[in-house]
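Read the figures in this text as sums done on the coordinates, not as results from a lab. Just so it is clear, the model here is predicted, and its values are computed rather than measured. All Cβ positions, glycine included, derive from the backbone under ideal geometry; neighbour counts span all protein chains shown.
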Amino acid sequence: MNTDYSQFCRGTTVIPSYGNGNYKKDTLVKYEFNTTDEHGNKIMDQMTKEETLQAMKDIRSQYGDGVIVEFSGDGMAALVEGKKASTLSKDQEEAARAKNAAFQQEITQIDNVLYDLPEYSGMYDADKAVASALENCKKEEKGFVYDIIRQNFLIGNAGSMTEEERQANISLGMKKAEYAAQNFIPEDKRESFLDAMKSIAKLAGAGKADSSGNMDYGVPKGKYLGHGSGLVRTTDVTEKMKTVDKEAYAEYQKKMKNDDSGLDSLKYLLNWYMNAAQKNPSMFES
């Protein structure tokens, strides 16, 4: 694909230098290949797997060993979709593109609302330590930290980077975590925050990618209720409900059996938890 890739470059960032020799990294360059613009207008076709790999190879060849090149965007989706895309009819492909365009536009509209959406590792002690450290921080500061977990540590797919680049990305995440600790994490929470982030980084480093680049970290995603220092596992809530409110537990079990989506039962559990915690704040203290 004969393309001037510079139009897809989204910026260059100088990062704190780390590593030695050929593994030394000091610059991050981001490329984003989206099929639609921020208004949902089509600007390019989705590239094939071969075109995607060639683009990544061409772009990486422009930079030295000290540069991490980060790729993203639905225009490169064929790299991870594999043969799945070829099974779609033309009408299905057009419908999927239209749905994605509408979705992307909706994301743009609510992006500020979702900026600080929590991201959890599944390790309860670490997740709660991070949530507690961020409890009184600004929305942007929470977003900064949760984006480290999302974009540097526990990425969903690593098909666009080598294992060396993935490990370097994790190291960059720890540099960001250290910055957060020094600049806006409360002093009495800094040590526990950094310990938690190191634990999550260690989990990320041991992750394994399948043939499509999908990552497996060996730990199920955490299911929690509450926030900050009040973060509790849903399993803890159901066990407490079973012990102190058998009637509510029976109703919850009934909803679990009849609710295919799980939303109705989760809503019931959340409402019960909020009412119980309000009546007795110490009920869920660990």
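How do 52-63, 161-172 rank on mean C-beta neighbours within 10 Å, highest first?
161-172, 52-63
Quickly work out the Lys138-to-Ser61 label distance, labels modelled 7 Å from Cα along the C-beta direction, and quote it in nm with one decimal.
4.4
So how do 30-42, 173-185, 140-152 stack up, highest first, on mean other-Cβ count within 10 Å?
Ranked by mean Cβ neighbours within 10 Å, highest first: 140-152, 173-185, 30-42.
Give the calculated FRET efficiency between Lys242 and Asp4 to the nearest 0.05, with a Förster radius of 51 Å applied to their Cβ-Cβ distance.
FRET efficiency, Lys242 to Asp4: 0.25.
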